[in-house]
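J.: Provided herewith is a single structure, encoded as structure tokens, for subsequent inquiry.
Taken together, the values in this text are just the output of simple stated rules run on the coordinates, not laboratory data. What you see is a predicted model; the values in this text were computed from it and never measured. All Cβ positions, even for glycine, are placed from backbone atoms using ideal geometry, and neighbour counts span all protein chains on display.
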């Protein structure tokens, strides 16, 4: 499987993955999360686990089981960690722990390195086998920069039991532990969402949507969520439209865990009124090929968020050679090098201005699009993330020297 | 024989952050040498803009919007110092001198604070060895950016003599001092890694062509 990335990912990453796998051959590498499908964590694990197995690592992926009550509680914890106000009763905390305890008896927790992804399975650390002390990492994918304090404090009893933690961006980290590492997430260039498509395939995939592909297309792919500022995107588009011909496509999927989604979607539809050049697409879940085709058909991609997690749609678009205009929040500034691979903006006016700049300079679109693709190739492909996980494991095992050679 | 190696960084958080220039300055007095090393010397391993030469200058320029201080911090040559302590003092002095004569810049917006990090560096051979300049010329055009960073930038601190691995090998193994001097004359701050690759390639190509034409 690693060979499939030859000529796509940086060769050095593939070499280092191979070398580290030789050093760690036959060792047990366990990942635990709370869902087998859907979401970025599952997408990466689906690919990473078989790839590591092929290279001689005993990689395993386990998923904790829970009922609706459990996932309602963990959703509240998730929201509170992202800064929303939630109330969790003592009973809820006990149930959260109880479900993890039940899972601990079903999952073989013995391994040389264990990655526990996100808060849902975090209490499993209380059940780490005493006979076999592997290295336990808490891999947090969410933004903990402004958490609800009492919820975060409560989770500390688990957090403190881990040997190290891993966050996606520096400002997501808690800053309470001596061993906090920063490893950004990644995209898989071979997945349906990112694989190369021919012009014909793009046309065929998009034909049901009646989008004119012969006009400049501004695209934003995101949930219909106020933090993604879809109304701001429409305002920016209207500002641009005065002097520049273009169409706007807003594409998103319904989020079952977001009751506000429909309200926002209706607001967006109402605000778009009956502008025939605005296309609002509510795509079913797993519409990866459609999103891929839209990103490839777009002239400019926006991610005008006012609050964001990592915002991997930015890397997805850049991988397709598109210049991206993004809000300077969350993980977006890590992906967009301002004026090199796109523009970081702080206002609707800023977004409009940068769209106009691009539409009037095809050379700039080409230059920044190419720089963006290279930036993603170097920094945000799945092979880099696998390389980093293995490097971190090896570093922790071999005396934690700040410089070492393999 | 020249063996190409490459390196990567894993970022380690220190948990320290600054919202203002004063906070940045305060942390600079106590933060680890490893953190200063990371934010200055390892800047070139990142995809960076040529406007800046270290993370402190970039943050001051981009997020505090103090272009004068940003220029001054960018103009510090980290290879002019034999220890990180000396470099640290120079950065602090630059900020102090600036504060004496200029108004305080604004605070960073929420989410745009400066986060002090350190790094873990992993070095590994990439399986390419060359014996002469012609082989070197082919290799330099195809190796990863991490290789060029390791041999051209990282070497300057590793060897402690501000020289890079490429010119050292060319001078001492191939006895081509003139070419080595030309490589040493490339300004490391005014190019990104692709720019460095391009310049070294051109210099070596000229030399190989000259060698082939010599009778």
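J.: Running Debye on the protein assembly as shown with equal point scatterers at the Cα sites and no solvent, what base-10 log of I(q)/I(0) appears at q = 0.05, 0.08, 0.09 Å⁻¹?
T.: Values, matching the q order: -0.24, -0.62, -0.79.
J.: Just to verify a number: FRET efficiency for residue B:67 and residue A:288, C-beta to C-beta distance, R0 = 45 Å, to 0.05?
T.: 0.55
J.: Same structure, new question: How do A:192, B:62 line up, fewest other C-beta atoms within 10 Å first?
T.: With the fewest neighbours first, A:192, B:62 line up as A:192, B:62.
J.: Could you work out the helix-only [θ] at 222 nm for chain A, with each DSSP H run of four or more residues adding -39,500 (n - 2.57) and the total divided by the number of residues, to the nearest 500 deg cm²/dmol?
T.: -13000 deg cm²/dmol
J.: With an 8 Å cut-off on Cα pairs and a minimum separation of 6 or more residues, tell me the relative contact order of region A:9-70 in percent.
T.: 42 percent
J.: Take every Cα pair under 8 Å in chain A that's 6+ residues apart, average their separations, divide by the length, and report that relative contact order as a whole percent.
T.: Relative contact order of chain A: 15 percent.
J.: Given the C-alpha centroids of region A:192-248 and region A:288-329, what is the distance between them in whole angstrom?
T.: Taking the Cα centre of region A:288-329 as reference, the centre of region A:192-248 is 10 Å away.
J.: From the convex hull of the Cα coordinates of region A:199-379, what is the mean projected area in square nanometres?
T.: Answer in nm², one decimal: 9.5.
J.: Going by Cα centres, region A:361-406 and region B:101-147 are how many Å apart?
T.: Between the Cα centres of region A:361-406 and region B:101-147 lies a distance of 11 Å.
J.: Give the Debye-formula value of log10 I(q)/I(0) at each listed q (0.07, 0.10 Å⁻¹), with one equal scatterer per alpha carbon of chain B, two decimals each.
T.: Debye intensities relative to I(0), on a log10 scale: -0.26, -0.50.
J.: Okay, moving on. Let's test the formula: R0 of 60 Å, r as the Cβ-Cβ distance of residue B:177 and residue A:133. What FRET efficiency results, to the nearest 0.05?
T.: Calculated transfer efficiency: 0.60.
J.: Can you tell me the FRET efficiency between residue A:274 and residue A:338 if r is taken as the Cβ-Cβ distance and R0 is 41 Å, rounded to the nearest 0.05?
T.: Efficiency computed from Cβ-Cβ geometry: 0.70.
J.: Quick one: work out the % antiparallel among DSSP beta bridges in the protein assembly as shown, nearest 5.
T.: 25 percent
J.: Take A:93, A:136 and order them by how many other Cβ atoms sit within 10 Å, fewest up front.
T.: A:93, A:136
J.: Let me check against my output: what whole-number percent is the relative contact order of region B:12-118, with C-alpha pairs under 8 Å and at least 6 apart?
T.: Relative contact order of region B:12-118: 47 percent.
J.: Distance from the Cα centre of region A:142-168 to that of region A:122-136, in angstrom?
T.: Cα centres, region A:142-168 to region A:122-136: 17 Å.
J.: Follow-up. For A:217, A:396, B:212, which order do you get if you count the other beta carbons within 10 Å of each Cβ and list the fewest first?
T.: In increasing order of surrounding Cβ atoms, one gets B:212, A:396, A:217.
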